[in-house]
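Worksheet: the structure to be examined is printed underneath.
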Amino acid sequence: MEPIHRIDSLGLCFTLLSVDCLPEEWVTLATEAKRNRRVFIQFLNLGCLVSELIPFLVYNVHQAFKYGYNSLRGFEQELLIALYGRRSFQEASSVVGVSVSQKAAVLVISEEVEELKEAVDALKEGFAKKGCSLTPFNDDKQLFVSFWEALISKDAGVKTLKLDYSQVLNLVKERIATGYI
């Protein structure tokens, strides 16, 4: 079973998975996994995440909804724009989102561990029927750094920045936190 992490201050738990290839029906599979369960499921670009970022991201999105400064109605969609650090859903989807045939990170969030496990099992079963496999997410810090280093360099208008993992992680957290200002 995948590791389940708790965010005690929010009463939430999450797991982070990887999928080797998104089938055409990936949105339908996610919808079916959510049916009759109180879970959020978001698919993200594999390079834009490391597991230690998730509690910070989820906390900020949760607070946005709690205090009414969210930009979008859906928690899952708000995760995308918060991670991207800009309020454009279309831009966020194209940069940190995913499309058919890509590898992806899959974030599953719930208040209840059992519902989270059921949703993960449903996802695994659905993806397996399409010839794809879901596995526990393994942090790739080098991929994370190169993904964000390129984006941050572009945003700063410079050719390239040479940043280490902790610098990139802090800059991404800053993007998330200041995206609501």
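The values are calculated or read from the model by the stated rules, or taken from the named source; none is laboratory data. Nothing here was measured: the structure is a model prediction, and the numbers come from that model. Here the Cβ positions follow ideal geometry from the backbone for every residue, glycine too, while neighbour counts run over all protein chains shown.
Being free of Cβ contacts under 8 Å to residues at least 60 places away in the same chain, of a type outside the set (F, W, Y) and touching a Gly at 6+ places or on another chain (Cβ under 9 Å), is that true of even one residue in the range 76-94? Give the steps one after another, and end with the answer.
Going residue by residue through the range 76-94, those that are free of Cβ contacts under 8 Å to residues at least 60 places away in the same chain are 76-80, 88-94.
Add one more test, that the residue is of a type outside the set (F, W, Y), and what stays is 76-80, 88, 90-94.
Keeping just the survivors that are touching a Gly at 6+ places or on another chain (Cβ under 9 Å) gives 80, 92.
Looking through the range 76-94, at least one residue is free of Cβ contacts under 8 Å to residues at least 60 places away in the same chain, of a type outside the set (F, W, Y) and touching a Gly at 6+ places or on another chain (Cβ under 9 Å).
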Look at the range 1-33 and say how many of its residues are surrounded by fewer than 19 Cβ atoms within 10 Å (Cβ to Cβ) and either in a helix (DSSP H, G or I) or among the β-branched types (V, I, T) (or both).
-> 6
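Residue-by-condition table, conditions (1) under 15 Å from the mean Cα position of the chain (by Cα); (2) more than 27 Å from L72 (Cβ to Cβ); (3) of a type in the set (A, V, I, L, M, F, W, C); (4) at pLDDT below 95:
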residue: K129; (1), (2), (3), (4): no, yes, no, no
residue: K141; (1), (2), (3), (4): no, yes, no, no
residue: I152; (1), (2), (3), (4): no, no, yes, yes
residue: Y165; (1), (2), (3), (4): no, yes, no, no
residue: G179; (1), (2), (3), (4): no, no, no, yes
Residues being out of contact with any Lys or Arg (no Cβ under 8 Å at 6 or more places or on another chain), under 15 Å from R87 (Cα atoms) and part of a loop (DSSP other than H, G, I, E, B) - total across the range 158-181 = 2
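Only residues that are in contact with a helix residue (DSSP H, G or I) (Cβ under 7 Å, 6 or more places away or on another chain) and hydroxyl-bearing (S, T, Y): list them for the range 56-78, please. Break it down stepwise before answering.
Taking the range 56-78 as the starting set, the residues that turn out to be in contact with a helix residue (DSSP H, G or I) (Cβ under 7 Å, 6 or more places away or on another chain) are 56-57, 60-61, 64-65, 70-72, 75, 77-78.
Within the range 56-78, S71 is the sole residue that qualifies.
Going by the conditions given, is Q142 assigned to a helix (DSSP H, G or I) and loosely packed, with under 12 Cβ neighbours inside 10 Å? So that I can check it myself, show each step before the final result.
Numbers: assigned to a helix (DSSP H, G or I): yes; loosely packed, with under 12 Cβ neighbours inside 10 Å: yes.
Yes: the conditions hold for Q142.
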